[in-house]
Amino acid sequence: MLYQVIRPTNGHVIAKFEKSHDYYYLFPDGCEVPLQVQYAWCHGCELFVEAEKLFTTQEIQQKIENLSMKPEEWLQDIQRKMPEFADWIQTQEIDGRPMLEFRIEERRQRRESWISSLNWFEKRKSSARCLECGSMTAIKVLPWNEVIPHPYGEGVIELTFDATIVDGPLPTWTPPPIYFDLEGNRLTVADDDSDKG
């Protein structure tokens, strides 16, 4: 998915954001949950950047509620909304286990992570950060599909979705996830040495 910052007066693209990284919070208890991204101008970087969009307590509680559905109710919901997928998921395997069983366990683990994260997010002190430099005070969040003055220049800008159709195969390589702590500081994760000689 591509997002871009354009000059609406002439269509000139100033910045592009291609969603290629997965960002996660990693909490001291080992719990990890996705980090929401919003787009902003960072005065520290002097660039349009990805920035944190902090979860509200209500958003986290809604995620917990959605994941609290009993497995049979969840499967019925899928059968109602996507019958072909429901049939398919019941016939597939992941690492020798039925995919349905795997997905149910995955939902249970995600629910536990969100419950744990609720406690962690309540302790957070810092506001949203620039994901490039970590600044909390130098970011100006860009509204979606709204023409606004350029935060650090002349003219106007707009954050839009880039609906350009990609010609050819999509890339299959995905970069490794990037982790952040409770306060939004980027973590350095040591390389996994288990597969080295």
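No value in this document is a laboratory result; all are computed from the given coordinates. Just so it is clear, the model here is predicted, and its values are computed rather than measured. Cβ placement follows ideal geometry from the backbone for every residue including glycine, while neighbour counts extend to all protein chains displayed.
Here are some notes:
- Checking each residue in the range 80-106 for being surrounded by fewer than 16 Cβ atoms within 10 Å (Cβ to Cβ), assigned to a helix (DSSP H, G or I) and not hydrophobic (A, V, I, L, M, F, W, C) picks out 80, 81, 83, 84, 87, 101, 105, 106.
- Taken over the range 38-55, the residue count meeting the criterion of being more than 27 Å from residue 113 (Cα to Cα), of a type in the set (Asp, Glu) and not in a loop (DSSP other than H, G, I, E, B) is 0.
- Residues satisfying the stated conditions in the range 8-37, i.e. under 19 Å from residue 129 (Cβ atoms), assigned to a loop (DSSP other than H, G, I, E, B) and either of a type in the set (A, V, I, L, M, F, W, C) or in contact with a His (Cβ under 9 Å, 6 or more places away or on another chain) (or both): 27, 35
- Residue 63 vs. criteria closer than 28 Å to residue 187 by Cβ, of a type in the set (D, E, K, R) and surrounded by fewer than 17 Cβ atoms within 10 Å (Cβ to Cβ): no
- Filter result (on the phi < 0 side of the Ramachandran plot and small (Gly, Ala, Ser)) within the range 26-74: 40, 44, 51, 68
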